[in-house]
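The values are calculated or read from the model by the stated rules, or taken from the named source; none is laboratory data. Quantities reported herein were computed from a predicted structural model and do not represent experimental measurements. So basically every Cβ, Gly included, is an ideal-geometry build from the backbone, and we count neighbours across all protein chains shown. Accessible surface areas use protein heavy atoms only, side chains included; no ligands, DNA or RNA. Shrake-Rupley method; radii C 1.70, N 1.55, O 1.52, S 1.80 Å.
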Amino acid sequence: MALLTIDVGGTTIKYASFDNGELAHKGVKDTPKTLAAFYQTFEAIKAEVAEQVDLTGVAISCPGAVSKTDGVIYGASAIPYIHNFPIKKAFEAHLGLPVSVENDANCAALAEVSYGAGKDYQDLLFFVIGTGIGGAVVLDKKIRHGAHLMGGEFGFMLMKDRTLSTDASPVRMAKDYNEAHDTGFTGQELFALAENGDDDAKEAVDTLFDSLARAIFNLQYALDPEIILLGGGISQADFLIPKLQAALQVVYDKVEIATIMPKIAVCQFQNDANLIGAAADFLSEN
């Protein structure tokens with residue numbers, strides 16, 4: 001017996017079966033434009049996977065602020081039709097199986113807590129560094145959603161006059177640099193440019209790491225996690241941990257009474273994190 005685990009994105013829907021900590025029967029489909037087509041796609045996915053394995057439930061990762069109390073996805077995302085109604089009940093009606101629904105960043109964190117880099121810890125924070133900065137708060141190995149379902153929305157933190165999502169996103173860093181210099185560099189190319197001695201690129205990169213270090217330092221002392229895990233595309237770069245540790249040391253040295261240096265590490269899972277975490281969320285509820 002296995003779970004069907006599904007990761008809903010703005011462009012594609014990834015899916016797989018999950019059994020004994022392993023994914024199989026992976027597939028991907030385009031994200032539909034309408035709610036009716038969305039349900040049809042889910043039904044087709046279930047039928048496809050059910051031909052290969054017996055299913056006992058469906059675990060779903062999706063964007064938005066997911067309420068566990070009423071099964072509603074609040075907030076907004078690139079898929080507007082999934083929000084602000086009891087979609088969990090609708091999924092169960094269409095699929096004929098028990099369903100769990102959780103935010104995608106929270107699912108990625110649960111994957112690490114259950115099976116990956118966070119499995120040996122009780123309290124941790126999870127950062128997703130991408131187009132913006134997202135994340136999750138995990139205490140006693142459980143996601144803390146917060147009173148307004150905003151737990152882990154670290155990107156809203158104000159860093160001087162801009163948010164952390166503005167200052168610490170490689171995508172936004174490249175956008176700002178390109179607008180100022182009439183260029184077309186990616187974030188990855190801008191990191192390389194900084195290493196090669198471009199002063200403006202180096203300033204942009206330094207701002208990114210300084211802002212990220214300040215946010216991590218502040219959260220360490222606000223929530224005191226055992227470890228802070230870093231995900232997103234930049235987490236695969238060899239330079240991330242050394243540069244961030246150096247930036248953290250600068251911040252640490254400015255606070256004379258500080259005694260705790262945040263412990264940081266990269267995530268174990270990449271593209272499969274949301275699928276694995278959605279399954280972990282289902283298993284924790286059932």
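Listing for the model above:
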read-out	value
So residue 213, is it small (Gly, Ala, Ser), open to solvent by less than 30 Å² (accessible area, probe 1.4 Å) and either over 29 Å from residue 271 (Cβ atoms) or touching a Leu at 6+ places or on another chain (Cβ under 9 Å) (or both)	yes
Filter result for residue 47 (aliphatic (A, V, I, L, M) and surrounded by 16 or more Cβ atoms within 10 Å (Cβ to Cβ))	no
Residue in the range 218-227 that is open to solvent by less than 70 Å² (accessible area, probe 1.4 Å) and touching a helix residue (DSSP H, G or I) at 6+ places or on another chain (Cβ under 6 Å) present	no
Pairs where the first residue, in the range 248-261, is touching a residue at least 12 places away in the same chain (Cβ under 8 Å) and the second is loosely packed, with under 13 Cβ neighbours inside 10 Å and in a loop (DSSP other than H, G, I, E, B), C-beta under 8 Å, 6+ apart	260/224
Those residues of the range 139-162 which are in contact (Cβ under 8 Å) with a residue 24 or more places away in the chain and under 25 Å from residue 188 (Cβ atoms), in sequence order	154, 157, 159
Top-ranked residue in the range 175-192 [being of a type outside the set (Ser, Thr, Tyr) and open to solvent by less than 40 Å² (accessible area, probe 1.4 Å); ranked as nearest to residue 165 (Cα to Cα)]	187
Cβ pairs under 8 Å, 6+ apart, first in the range 13-41 and acidic (Asp, Glu), second open to solvent by 30 Å² or more (accessible area, probe 1.4 Å) and in a strand (DSSP E or B)	30/12
Subset of the range 228-285 [in contact with a strand residue (DSSP E or B) (Cβ under 8 Å, 6 or more places away or on another chain), in a helix (DSSP H, G or I), open to solvent by 60 Å² or more (accessible area, probe 1.4 Å) and closer than 16 Å to residue 215 by Cβ]	245
Selection count, the range 211-237, where residues are at pLDDT below 95 and either under 15 Å from residue 191 (Cβ atoms) or β-branched (Val, Ile, Thr) (or both)	6
Only listed residue being under 12 Å from residue 71 (Cβ atoms) and at pLDDT 95 or above, chosen from 101, 113	101
Criterion (buried (at least 21 other Cβ atoms within 10 Å of the Cβ) and farther than 17 Å from residue 13 by Cα) met by exactly one of 64, 57	57
Test: residue in the range 15-35 that is over 29 Å from residue 129 (Cβ atoms), part of a helix (DSSP H, G or I) and open to solvent by 60 Å² or more (accessible area, probe 1.4 Å)	no
Complete set of residues in the range 75-91 that are surrounded by fewer than 16 Cβ atoms within 10 Å (Cβ to Cβ) and at pLDDT 95 or above	80, 81, 84, 85, 86, 89
Total residues in the range 116-138, condition free of Cβ contacts under 8 Å to residues at least 60 places away in the same chain, surrounded by fewer than 20 Cβ atoms within 10 Å (Cβ to Cβ) and under 28 Å from residue 70 (Cβ atoms)	1
